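The values are calculated or read from the model by the stated rules, or taken from the named source; none is laboratory data. Keep in mind the model is a prediction, meaning the values are calculated, not measured. Cβ sites come from the backbone with ideal geometry, for glycine too, and all protein chains shown count toward neighbours. Quick note on the areas: whole protein, heavy atoms, side chains included, nothing else; ligands and nucleic acids left out. Shrake-Rupley method; radii C 1.70, N 1.55, O 1.52, S 1.80 Å.
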Amino acid sequence: MAALPAIAMVVAAGAVRGLLDASVAAVQGALVPRVEQQAQDDLHAAVLDVDLAAFDDADFTELVERATMDGPTRVRNCVRDTGDLIAGLVSV
């Protein structure tokens, strides 16, 4: 009977951690697509502002292609890692 309050605290801490994990997953699920879309919109806007002659340069087209292919993955990883870091700090 004397250990019941301590057991209740452990159970409550586990429940709070579960709620935190669920809320982090929900925020990341909503935030990642928005951030990715904004990054793609910014990239497309930057490409539209470039002079037409720049597209003749092979280095420029390679850079745009690489940004289009690798950019969303890197943005997604950055947002996910930031969320995990904040959740870890709160858990500690």
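The table below lists the values:
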quantity	calculated
Angle in degrees between helix 58-91 and the longest Cα principal axis of the chain, rounded to the nearest 10	10 degrees
Angle between the chain longest axis and helix 4-48 axis [Cα atoms, degrees, rounded to 10]	10 degrees
Nearest-10 value in Å² for the accessible area of E62, using the 1.4 Å probe	100 Å²
Accessible-area composition of the chain, carbon plus sulfur, in percent [1.4 Å probe]	67 percent
Per-selection Kirkwood Rh - the chain (Cα, Å, 1 d.p.)	16.6 Å
Overall Cα dimensions of the range 1-46 - principal axes, largest extent first, Å	67, 11, 5
Charge-dipole axis of the chain as Lys and Arg at +1 and Asp and Glu at -1 on Cβ define it, positive-most pick from Q37, F55, S91	S91
Solvent-accessible area per residue, Å², over the chain with all protein chains present [probe radius 1.4 Å]	77 Å²
Estimated FRET transfer efficiency (R17, N77; beta-carbon r; R0 22 Å; 0.05)	0.40
Net length gained if the chain between A2 and L52 were fully extended (0.36 nm per residue, minus Cα distance)	10.2 nm
